[in-house]
Amino acid sequence: MRLLIMGAPGAGKGTQATALAERYGVPAISTGDIFRHHIRNQTPLGIKVKALIDAGEYVPDDVTEEIVASRLAEDDCAGGFLLDGFPRTMHQVHFLDRYLADRGQSLDAVVSLHVEPDALVERLLTRAALEGRADDNADTIRRRMEVYAGQTAPLIFHYESKGLLVDVEGTGSVEDVRERMFDMVDAHVRER
Ligand code: ADP
């Protein structure tokens, strides 16, 4: 299974990604988590991307694509993977398409988690209080929403036109969304 999960900041991507990856027995790869790991450890990459991420901007495509390519080349991705937070730009979409095509591989499904904008901001501010992520403050949240709407939301149409999109309503409890998502992904994969 080769899967993607997309959603606006606060849509619950990370939580549901872990559940989905477990269900299908593939590694969940979160570019946001990889970057945060580098920032915590003050690696050269971490130092390079910290200011951008804290400001709610995207990391440049070439940097992000290199990270993803080297992660996908690891052994545990041979049988599949779930990418959480990649691709986020059209450039990254083309990069991934080419990466997979070169290996005779393709995607099985792209999950899009949809949550109303007002609910998103509320969730992010709650998370800010709980986890203390530097990019979960009101100004940065606003900027992340804008960047998402401008750069990432259009990707949904791309995957829809390829017949890969599984559009999941992300409102409700974590468990409700998870069950809804499992049912829809199972059905999508069965029908292919
Ligand atoms: P969220 O979706 O909740 O904002 P993520 O953990 O997915 O959080 O990402 C956090 C930040 O990491 C993003 O705002 C962005 O700065 C950076 N980032 C993650 N993935 C990518 C990507 N594919 N391309 C560019 N920047 C990325």
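Filtered by the rule that a residue be outside any helix (DSSP H, G or I), open to solvent by 50 Å² or more (accessible area, probe 1.4 Å) and of a type outside the set (Asp, Glu), the range 137-192 gives Asn137, Pro154, Lys162, Thr171, Arg192. Here Leu155 passes the criteria (1) over 16 Å from Met6 (Cα atoms); (2) within 11 Å of the ligand (Cβ to nearest atom); (3) in contact (Cβ under 8 Å) with a residue 24 or more places away in the chain except the one numbered (1).
If the condition is being assigned to a helix (DSSP H, G or I) and either within 13 Å of the ligand (Cβ to nearest atom) or among the hydroxyl-bearing types (Ser, Thr, Tyr) (or both), then the range 75-93 contributes Met90, His91, Gln92, Val93. Just so you know, in the range 106-127 the residues that are among the hydrophobic types (A, V, I, L, M, F, W, C) and farther than 13 Å from Ile141 by Cα include one that is surrounded by the fewest Cβ atoms within 10 Å (Cβ to Cβ), and it is Leu107. For the range 49-59, the criterion of being open to solvent by less than 40 Å² (accessible area, probe 1.4 Å), away from the ligand (no atom under 11 Å from the Cβ) and over 17 Å from the mean Cα position of the chain (by Cα) is satisfied by no residue at all.
The values are calculated or read from the model by the stated rules, or taken from the named source; none is laboratory data. These figures come from a predicted structure and were not determined experimentally. Glycine gets a Cβ as well: all are built from the backbone with ideal geometry, and neighbour counts include every protein chain shown. Calculation scope for accessible area: heavy atoms of the full protein, side chains included, ligands and nucleic acids excluded. Shrake-Rupley method; radii C 1.70, N 1.55, O 1.52, S 1.80 Å.
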